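Just below is one structure, and these are the notes that go with it.
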Amino acid sequence: MVEFAVVVFAFLFVMFATMLAAFHSIQRATAETAAAAGVQVAASGTPGRVDQPDLAGAFAPTRDLLRPVMFSTAIVRVPPGQPCRPLGGIAPDTLEVCAYPDGELVAETVRGRPNLLVPSFVADRLPLSIDVTVEMHAVSYQP
């Protein structure tokens, strides 16, 4: 009976770890897709000023794509034009979204530690953070 309990415990532990890793992979892939969608909006131009990047407009599509897979994670907008804080300065269960100019490019970063739906004493020991930056050339309008 003891051997059976040990085997069941080992099986459940491996299954739990696999599910956690798969869930984080889905969150990270979604963050990459969301950042790509947001940077496209940012690089497309401001309404009425097509030669200026729409940094403020990048947050909405990014947030809308992140929300379904970031359970109980705060998705915070950094003021347009400012880069995100370092990963260590972002609260747990929080993602920062920032769009900013980067030379001749426009960049959007999604950075933070999403909620992993596990107790905090487990999540704090796992290096499962998200730090995704996507850059794109801004549209330049020349009449």
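Quick note: the coordinates plus some simple rules give every number you see, no bench work behind them. No experiment lies behind these values; they were computed from the predicted model shown. When we count neighbours, we look across all protein chains shown, and the Cβ atoms used for this are built from the backbone with ideal geometry, even at glycine.
The table that follows gives values for the structure above.
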| quantity | calculated |
| --- | --- |
| Filtered chymotrypsin sites (Phe, Trp or Tyr not before Pro), segment 65-143: DSSP coil and at most 11 other beta carbons within 10 Å | Tyr141 |
| Gaussian network model of the chain, springs between alpha carbon atoms under 10 Å - residue of Pro83, Pro68, Pro101 with greatest fluctuation | Pro68 |
| Between helix 2-44 and the chain: long-axis angle, C-alpha atoms, 0 to 90°, nearest 10 | 0 |
| Using a Förster distance of 22 Å, the FRET efficiency for Ala36-Ala91 (Cβ separation, nearest 0.05) | 0.30 |
| Residue exposure sequence - Met70, Met15, Met136, Met1 - by fewest surrounding Cβ within 10 Å | Met1, Met15, Met136, Met70 |
| Gained length - Leu105 relative to Arg125, 0.36 nm times residue gap less alpha-carbon distance | 3.6 nm |
| Segment Val7-Ala22, length gained on full extension (0.36 nm per residue, minus Cα span) | 3.2 nm |
| Options Cys98, Phe11, Ala31, ranked by Cα towards positive dipole end of the chain, top entry (Cβ charges) | Phe11 |
| Of Val78, Val118, Val110, the one that fluctuates the most in a GNM where the chain has Cα springs shorter than 10 Å | Val118 |
| Charged-residue dipole, Cβ positions (Lys, Arg, Asp, Glu), segment 2-137 about Cα centre, Debye nearest 20 | 320 |
| FRET efficiency for Asp51 and Val76, using Cβ-Cβ distance with R0 set to 35 Å, rounded to 0.05 | 0.75 |
